[in-house]
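The values are calculated or read from the model by the stated rules, or taken from the named source; none is laboratory data. None of the values given here were measured: they were computed from a predicted structure. Virtual Cβ from ideal backbone geometry, glycine too; neighbours counted across all protein chains shown. Surface accessibility is based on the protein's heavy atoms, side chains included, excluding ligands, DNA and RNA. Shrake-Rupley method; radii C 1.70, N 1.55, O 1.52, S 1.80 Å.
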Amino acid sequence: MALREILIIGHPMLVKKAEPVERVDADIVRLAGDMVETLHAAPGIGLAAPQVGVSKRLIVVDLSVGENKDDLIVLVNPTVLGKEGEVICEEGCLSVPDIREKVARPYRVTVSGLDLEGQTVEVDAEDLLTRVLCHEIDHLDGILFVEKLSPLKRKLIRKKLKKTAAAGKKA
Ligand code: K2U
Ligand code: ZN
């Protein structure tokens, strides 16, 4: 397995709709393994393939950040079957460094997808797991969590990110 580079906001792939996975083959299994390794190293609790430069509908979620193998969820071509409730909570993103903002998400969600054996799996989630699943599925549709904020907040964040980028260029 290998660590992959995590793309940062501004990269065109992060706002592109990802392609469905046609077949769960060895390449997809290797990509999933690299994403899990990259997620744990970040560290993070969720990662979508477009964040590591692959425009495919694949996500990995691990609320334990590698502490508990049973917590790892790998979903190919995930779709939301149903959702319930609404909760507003702070989010962050490995592709949007140093930004934390409150986002409204469902409280419960049922997500269907394929596992790495190509079998259909269904995940009934609530609370933080729902939030992370919805956040990652948004990534597959080219939607970053900052796009869900008010126009004023988005303007302020764009300004902050521009300043950070300019400072990075000077260093
Ligand atoms: O796409 C991502 O980068 C997912 C986030 C996990 C997350 C999803 C929804 C709501 C909150 C977090 C990363 O795996 S973790 C990003 C992060 C890192 C440090 C502190 C807070 C958030
Ligand atoms: Zn994200």
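Carbon-plus-sulfur fraction of the accessible area of the range 12-170, 1.4 Å probe, in percent?
On the range 12-170, the fraction of accessible area on carbon and sulfur atoms equals 53 percent.
Say each of Ala166 and Leu72 gets a label point 7 Å from the Cα, pointing the same way as Cα to Cβ; how far apart are those two points in nm?
That separation, rounded to one decimal, is 4.4 nm.
Would you please report the Å³ per residue occupied by the convex hull of the alpha carbon atoms in the range 57-171? Walk me through the numbers on the way to the answer.
On the way: hull volume 14.4 nm³, N = 115.
Cα-based convex hull of the range 57-171, divided per residue, equals 125 Å³.
Given the pairs Lys69/Lys155; Lys17/Lys169; Lys16/Lys160; Lys17/Lys83, which span a C-alpha to C-alpha distance of over 32 angstrom in this model? List each step's numbers first, then the result.
Numbers: Lys69/Lys155 40 Å; Lys17/Lys169 29 Å; Lys16/Lys160 23 Å; Lys17/Lys83 22 Å.
Pairs exceeding 32 Å: Lys69/Lys155.
Using a probe radius of 1.4 Å on heavy atoms only, what accessible surface per residue do you get for the range 12-170? Whole Å² is fine.
Values: 8660 Å² over 159 residues.
The answer is 54 Å² per residue.
Sorted by packing (mean other beta-carbon atoms within 10 Å per residue), highest first, where do 31-44, 52-65, 117-130 land? Can you show the working numbers first?
Working: 31-44: 18.3, 52-65: 20.1, 117-130: 14.2.
Ranked by mean Cβ neighbours within 10 Å, highest first: 52-65, 31-44, 117-130.
How big is the equivalent ellipsoid of the range 93-140 along its three axes, where each semi-axis is √(5λ) from the Cα gyration tensor, reported in whole Å from largest to smallest? Mind dumping the intermediate values first?
Working: eigenvalues 110, 42, 10 Å².
In descending order the semi-axes read 23, 14, 7 Å.
Let me have the 222 nm mean residue ellipticity of the chain computed from DSSP H runs of 4+ only, each contributing -39500 (n - 2.57), with the sum over all residues rounded to the nearest 500.
On the way: 3 runs with 50 residues, N = 171.
Dividing the helical sum by the residues of the chain leaves -10000 deg cm²/dmol.
Any aspartates and glutamates with Cα under 15 Å of the Lys153 Cα? List them, leaving off those in the same chain fewer than 8 positions away.
Glu90, Glu91, Asp98, Glu101
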